Amino acid sequence: MKKLGVNEIRETFLKFFESKEHLRLQSFPVVPHNDNSLLLINSGMAPLKTYFTGQEIPPSKRVTTCQKCIRTGDIDNVGKTARHGTFFEMLGNFSFGDYFKEEVIPWAWEFVTKVIEIPEDKLYVTIYEDDEETGEIWKQKVGIPADRIVKLGKEDNFWEHGTGPCGPCTEIYYDRGEEYGCDSPTCGVGCDCDRYMEFWNLVLTQFNAEEDGTYTELAQKNVDTGMGLERMATILQGVDSIFDVDTVKSIRDAVCKKANVTYGKDHKADVSVRVITDHIRSVTVMTADGVLPSNEGRGYVLRRLLRRAARHGKLLGINGEFLAELSKSVIACSGAAYPELVEKQDYIFKILSVEENSFYKTIDKGMEILKADMEEMKAAGIKTMSGEKSFRLYDTYGFPVDLTKEILEEEGMEIDEAAFEKEMQEQKDRARLARAKSNYMGAEETVYHELPVEMETVFAGYDVSDVADAKILALVANNTLCDTANAGDSVSVFLNRTPFYAESGGQVGDHGVIKTEGGKVQVTDCIKVVGGKIAHIGQVTEGNIKVGETACAMKDEAYRLASARNHSATHLLHQALRTVLGTHVEQAGSYVSSERLRFDFTHFAAMKPEEILEVEKLVNDAIFAAYDVKTAEMSLDEARDMGAMALFGEKYGDVVRVVDMGGYSIELCGGAHLHNTAQIGSFKILSENGVAAGVRRIEAVTGIEALHYYRAQEDTIKEACRIVKTTPENLTARLEQLLAEQKETAKELEKLKAKMAGGAAEEILQKKTEINGVAVLAAEVKDMDGNALRTMGDQLKNKLGSGVVVLASGKDGKVNLLAMATDDVVKKGVHAGNVIKAAAGVCGGGGGGRPNMAQAGGKDVSKIADALEKAKEVLAEQIK
């Protein structure tokens, strides 16, 4: 048996299937592409589903991959055992209607026994109990003895997902030896103990599951196999668990070094080491693939894993942030296989650092509250925390509920999960809606699913404005497939060739016209539908059009130029942001229309005014530099070598299109662009704001729209000059003069108000009465807000020397109330807060305050006199 490292096993597997005429594909991102049924890619076949369903034509009928996968169903067990993990790599070979059982089973045996040289006497296979054909191939073609073939039931060895394609599985097991067994007399393949390890599952999709529960034979049979890379490494390296294989162990060692602990010496410490080792792998990969921490969906998965790792770091005694540093060990182990880890490393470090620091800030407050809650529970002999309290920790303090559970568990406590779930229902409903209407791909089927799978449109619109000899391949009129569409019909037209750009990558689709001999369609949008087919959306404005007709397709050149202007500007903006803010900046989304551009990017603080100005300057500098915009197609590796930036969430093939703007900006992009940056004209940022945690948004205009913006600003300045009677060059000085005059006028007004208030105070003093020997002034004053009332109250209290002042005023239909008491009468029992509270209640309001001063408001001005009388009544009760 060959002793191979993880990276060697991966390469050996992929090369073996390349020798069997398979196309090697790079791992897809862990963020699913056009698949709402999954939060994260969790198997090798998940990103290939459109090929299996026939929605898209695969680049080859034979494919092999090593896919990054995330599964969090067993997250609570990660660390507690050495068997569980959230991140793993899945090796696989796939056939889309090409080879089947007769080929794949001998190939699997050849790889296992001849290439990596696992002894045959250590191997067993399982088959579906009713799949005699597979059993015969193992026995007759491969030569496995019958006693090493185990039949299992549908639950174990038959794959199906509701209705649709399904089929039997056959799995290969490795016998690790008696020392891993459970000593049960019935111990064998399929036992839950660690002796027999399944490491390769071959799914043989040969049936279609019908609505009535029956199965029909598929005309096109498929193969989908999956071998856990880390699991295979445990076998070949002769180690106990995935945490002991070479690459994972190097990360584990980095954790131990950081924590200054020795693995295997203390069970509790080992749990924390395994948690951090696994989770840092997941968060590094997820971050590199564009997942951002949040409180929903896959963002919450990332946040939960990151915070769980951070907490276990504290349990190990690690001080300060450490996750970004540990991610370097992940990049060192896996960067060669997944170059995006190296390309995005600065970004990864920034995201992990910011999120870890944010967690420490919120966690301290949350821990204080949780500890206090736990002390209360202990004192009361309660073992279950209420859903209200656990939800408050989550919702108000960002304290993950799983963290609350873990900490409570350590003290023999738990949370009321049903009550917590009830509190969380609204958020859960929102998350479900985002992935709702779930068929196999997590979306409703539409009329576009009825189009022929092999139908495709060649895009010829990078350099030409029209295609004179296009052929109409299909028509959808009023949401129905048809052969003819008439004037007035809303249509989707499918052509064999088109100059129209279909909306993609944030850039809107083209507008224009499609003409045939007998009709005309005004195209108002162009989009990609199922299988990447290009639909020209519009209305038949003249005559009729028919499937099979020759058509002339003409895009609106001015509209295309305007959207291309904004698209090219986003590339310059992206580079300018990275120059000014740092290389952690990555595009997080964009919208590019003919009128403006919107660009979302990763950053963790509002941009300063000087940063916005610098970014704007750099973009305009690149425009005025008149860089040629060059495009070229090349391999993904060649593009990476020349420094081209890849964007999150994009699905790249082996051949990519690189857009190079004079070497200033180099990106992978399939969009429509200008020929020279000077065609942008000018660039103006309209706004910069936050749209999500760690994501900022810039809105900007270019070309004629920038000119319109400047003209609007000029018109505003001219109107302001007209109002204040000055010229544009003197506007600032004139405004400063007016503001200074206004300030002086306000001062004079305040003096006048104070003088008038003083006169009014003298008048009010004449209304002084006594209640049980205490001087009381209770009066209504006109049109005073709370501040003016307080100023008058201070004056009256000072003039009174000893006693109580109660004032009420009606202003703008609302009541303002004030009560003040000198310190000597407070000692006699007067409480201004209680006085004002009672008075406010009379006029439909509320309020209160301290014993010596209180204010309140009310709604009913007609009740002011009654409120003052109520104040006197309360004072009479207080002064005995």
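Here the gap between GLU409 and THR480, fully extended at 0.36 nm per residue and compared with their Cα-Cα distance, gives a gain of 19.8 nm. Pairs from the table (LYS747/LYS799; LYS782/LYS863; LYS365/LYS405; LYS828/LYS872) lying more than 21 angstrom apart at Cα are LYS747/LYS799. Coupling constants for the stretch 257-266 follow from the phi torsions by the Karplus curve (6.51 cos²θ - 1.76 cosθ + 1.60, θ = phi - 60°), and in residue order they are 4, 5, 8, 6, 10, 10, 5, x, 8, 9 Hz; glycine and proline get x.
Pull out a ≥ b ≥ c, the square roots of the eigenvalues of the alpha-carbon gyration tensor of the stretch 231-320, then state rounded if a/c is under 1.5, prolate if not and a/b is larger than b/c, and oblate in the remaining case.
Since a/c reaches 1.5 but b/c is at least a/b, the shape of the stretch 231-320 is classed as oblate.
Looking at the chain, what % of its DSSP beta bridges pair antiparallel, to the nearest 5?
85
In this structure the amide hydrogen of LEU23, modeled in the peptide plane, comes within under 5 Å of the amide hydrogens of ARG62, VAL63, THR64, none closer than 5 places in sequence on its chain.
Any chance you could give the angle, 0 to 90 degrees and rounded to 10, that helix 786-800 forms with the longest Cα principal axis of the chain? So the helix axis and the longest Cα principal axis differ by about 40 degrees. A protection proxy built from the mean count of other Cβ atoms within 10 Å ranks the segments 656-664, 209-217, most packed first, as 656-664, 209-217.
Sparse packing (at most 14 other Cβ atoms within 10 Å of the Cβ) combined with a DSSP loop state is found for the following trypsin sites (Lys or Arg not before Pro) in the stretch 338-407: LYS383. Among MET1, MET377, the sequence by solvent-accessible area, most first, with a 1.4 Å probe is MET1, MET377.
Near GLY829, once Lys and Arg are set to +1 and Asp and Glu to -1 for all other residues with Cβ below 11 Å from its Cβ, the sum equals +2. Centre-to-centre, using Cα atoms only, the stretch 101-138 and the stretch 8-69 are separated by 22 Å.
Which whole-number percent gives the relative contact order of the stretch 65-162, counting Cα pairs below 8 Å spaced six or more residues apart? Intermediate results must be reported in sequence, preceding the final value.
Working: 86 pairs, mean separation 20.6, N = 98.
After rounding, I find 21 percent.
Take the alpha carbon atoms of the stretch 209-234, find their center, do the same for the stretch 773-831, and report the distance between the two centers in whole angstrom. Taking the Cα centre of each part, the stretch 209-234 and the stretch 773-831 sit 83 Å apart. Evaluating 6.51 cos²θ - 1.76 cosθ + 1.60 at θ = phi - 60° for every residue in the stretch 542-558, the Karplus couplings come out as 9, x, 8, 10, 9, 4, x, 6, 7, 9, 9, 9, 10, 7, 6, 5, 5 Hz, glycine and proline recorded as x. Residues whose amide H comes within less than 5 Å of that of ALA474, counting only those at least five positions distant or on another chain, are PHE494 (H built at 1.01 Å from N in the peptide plane). Accessible area of LYS767 (1.4 Å probe, protein heavy atoms only, ligands and nucleic acids ignored): about 110 Å².
Relative to the longest principal axis of the Cα atoms of the chain, the long axis of helix 417-434 makes an angle of roughly 70 degrees.
Per-residue 3J(HN,Hα) values for the stretch 273-282, derived from phi via the Karplus relation 6.51 cos²θ - 1.76 cosθ + 1.60 with θ = phi - 60°, read 4, 5, 4, 5, 4, 5, 5, 5, 5, 5 Hz in sequence order (x marks Gly and Pro). Output the relative contact order of the chain, whole-number percent, from Cα pairs under 8 angstrom with separation of 6+ residues. For the chain, the relative contact order is 7 percent.
The peptide list 527-533, 300-306, 769-775, put in order of mean Cβ contacts within 10 Å with the highest first, becomes 300-306, 527-533, 769-775. For LYS151, the residues whose modelled amide H falls within less than 5 Å of its own, excluding neighbours fewer than 5 places apart on the same chain, are ILE127. Bridging of LYS617 to lysines at a Cα separation below 16 Å is possible for LYS608, LYS684, once same-chain residues fewer than 8 apart are set aside.
About the Cα centre of the stretch 301-374, what is the dipole size in debye to 20, counting +1 per Lys and Arg Cβ and -1 per Asp and Glu Cβ, all else neutral?
260
The values are calculated or read from the model by the stated rules, or taken from the named source; none is laboratory data. Please read all numbers here as calculations on a predicted model, not as lab measurements. Every residue, glycine among them, receives a Cβ derived from its backbone with ideal geometry; neighbour counts consider all protein chains shown. All accessible areas refer to the heavy atoms of the entire protein, side chains included, with ligands and DNA or RNA removed. Shrake-Rupley method; radii C 1.70, N 1.55, O 1.52, S 1.80 Å.
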